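To start, the structure under review is shown below, and the notes come after it.
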Amino acid sequence: MAKAENSKFENRATEAAGHETWPLWEVFIRSARGLSHVHAGSLHAPDATMAVRNARDLYTRRMEGVSVWVVPSAEVTASDPDAKGAYFESAQGKEYRHASYYTKSEGVKHL
Amino acid sequence: MTVSEPRTPHAVSAVTDAGEGTDEERALFESVIADDKRIEPRDWMPSAYRRTLVRQMSQHAHSEIIGMQPEANWITRAPSLKRKAILMAKVQDEAGHGLYLYSATETLGTGRDVLNDQLIQGKARYSSIFNYPAPTWADMGAIGWLVDGAAIVNQVPLCRASFGPYARAMVRICKEESFHQRQGFEILLELMQGTQAQQEMAQDAVNRWFAPSLMMFGPPDAESTNSAQSMAWNIKRFSNDELRQRFVDMLVPQAEVLGITFPDPELAWNEERGHYDFGELDWDEFAEVLAGRGPCNAQRLQRRRDAHNDGAWVREAAAAYARKTAGRAVEGAAA
Ligand SMILES: [Fe+2]
Ligand SMILES: [Fe+2]
C-alpha cells in the first residue's frame, strides 16, 4: 500500500474509533444453583449494566448460567506470580493439617 | 509479595513483554512446557512465544469475525423461518468465538483496539477461506459441513494448547462448532433428497469448497515455517499434513452418505497407508488469496470497515451515557 493512501486510511480509522476504549470487565458465571460463580472470560463495555448484558449474550447463549457477575478488571488485586514459591508453600511440612496424617486409628470405624 | 501492583486495565490478566527473564523464570517456563501444563498470562514467557500466540490467536479471532460475512448475507434469504433462526444462531456464535479469542489475546498485553485496527487497516491476516464467494443456498450447507468441519479438526487439538486462556477459549468454541457442522451437513442432505436442480446446486457448492477447505490446514509440512517451534511449545499438536489427512479420511464416508462426490480424480483409498490419497492442491491460488488477491478480499474488508464505522455513534453514545451516569453518581454521593 502506498504511503499517502495508508495515512489517509489510518486517519479515518482513528476518527471512527472515537479515541475512546471501553473498560475491560472480568465475567463470572454461576452455571447452576448451588454452584459458585466461575471466571468465564472478559469483555469490554461502557458501564456495568452493559457489561452484564454483553456477558449474557456472549457467555450464556446455551443456558450456561443462571447468574452473572462482572467486575472491572482494574479493580481486581492479584497475588504476585513471581512470589509463587514463598507465598504459597507455607502448607509444606504441615501434613498434620490433613486427615491422612493420622494413621494409628486405621481400622477403627466411623473415624 | 509486592505491597500493591499497578492497577492498569489489564492488571489481573496481562503483563507485557518481561524481557529475557531470570534463570529461575526460564526454568519454570521450560518445566511447565515439558510437563505439558499450562502457561498463564502473568507467568514469564519468552517474547517469541508471546508474539507467536498474539499472531495466531488474533488471526484466529479475525477469521471468526470475517467468517460471519458469507453466511450473514444469506440470513434474509434463507428458505424457511427455521433455517433463518439456525443461521442467525450460527453467525452469532461466530461473533462470540471472535470475542472469546480477542479477550484471550488481550491477556497477552495487546489491546482490542490495536487488534481491531490491524484488521480494518488490512495489516492482519485471517483465514483465506472467507475470501471465496457464497452465491447459492447450497453454499450454506457446504460451508457448515466443510469449512466448520475443517475448523473443528484444526481446533480440537488447540483445546490442549499450552497457553491457558487460548486453550480455555478453544474448549468453549469446540462445544459450539459441532452444531455448525451438522446443520451444514443437513442442508446438503435435504438438497440431495430434493429435485435434480437442488442436487446439482449441492454438488456445485461442494465442488467449489472442497479444495479451499483442504487448504485451511495451511501449506504442506515441508513449507510450513513456524510449525516446528509451535510444536515444541505445545501450541500446535499435529502437523498441517496430518490434520489435512485426518479431515479427508473423515469426509469421504460422509460424502457417501450424502451421495455427493469430490472434484478430485486422485481421491482413492490406499490400502497400504490405511488412508485416502488425494491430489495436489493449488498452492499458488492459496498464496494469491492470502496475499489479498482472492475473489472477495476487498469486499470482506470493506464490509468490516463499514460495520466498524457505522457502529461508531453507538460506541460513542454508550460511552457518553456511562460518563454522564457516573458523574451523577458522584454528585449524588457528594450531596
Ligand atoms: Fe467459529
Ligand atoms: Fe463455526
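Screening region B:20-109 for helices (runs of 4 or more DSSP H) wholly inside it with 2 or more residues that are open to solvent by 50 Å² or more (accessible area, probe 1.4 Å) returns the ranges B:23-34, B:47-66, B:81-106. The set of residues from region B:63-105 being within 11 Å of ligand 1 (Cβ to nearest atom) and touching a Ser or Thr at 6+ places or on another chain (Cβ under 6 Å) comprises just one member, B:63. Being more than 16 Å from ligand 2 (Cβ to nearest atom) and touching a Leu at 6+ places or on another chain (Cβ under 8 Å) is the requirement here; does residue B:167 meet it? Here the answer is yes, as residue B:167 does meet what is asked. The helices (runs of 4 or more DSSP H) falling completely within region B:220-335 that include 1 or more residues that are in contact (Cβ under 8 Å) with a residue 40 or more places away in the chain and more than 30 Å from residue B:192 (Cα to Cα) map to B:227-232, B:283-288, B:297-310.
How many residues are under 18 Å from residue B:170 (Cβ atoms), within 16 Å of ligand 2 (Cβ to nearest atom) and among the hydrophobic types (A, V, I, L, M, F, W, C) if we restrict to region B:65-115? The qualifying residues number 4.
Take the residues of region B:121-141 that are open to solvent by less than 10 Å² (accessible area, probe 1.4 Å) and within 16 Å of ligand 1 (Cβ to nearest atom): which is nearest to residue B:101 (Cα to Cα)?
B:129
Residues in region B:157-189 that are within 13 Å of ligand 1 (Cβ to nearest atom), more than 14 Å from chain A (Cβ to nearest Cβ) and hydrophobic (A, V, I, L, M, F, W, C): B:158 only. Residue B:115: part of a helix (DSSP H, G or I), within 13 Å of chain A (Cβ to nearest Cβ) and either over 15 Å from the mean Cα position of the chain (by Cα) or within 16 Å of ligand 1 (Cβ to nearest atom) (or both), yes or no? Here the answer is no, as residue B:115 does not meet what is asked.
The values are calculated or read from the model by the stated rules, or taken from the named source; none is laboratory data. Only a predicted model underlies this, so the values are computations on that prediction, with no experimental measurement involved. When we count neighbours, we look across all protein chains shown, and the Cβ atoms used for this are built from the backbone with ideal geometry, even at glycine. When the accessible area is computed, the model is the full protein with side chains, heavy atoms only, and any ligands, DNA or RNA have been set aside. Shrake-Rupley method; radii C 1.70, N 1.55, O 1.52, S 1.80 Å.
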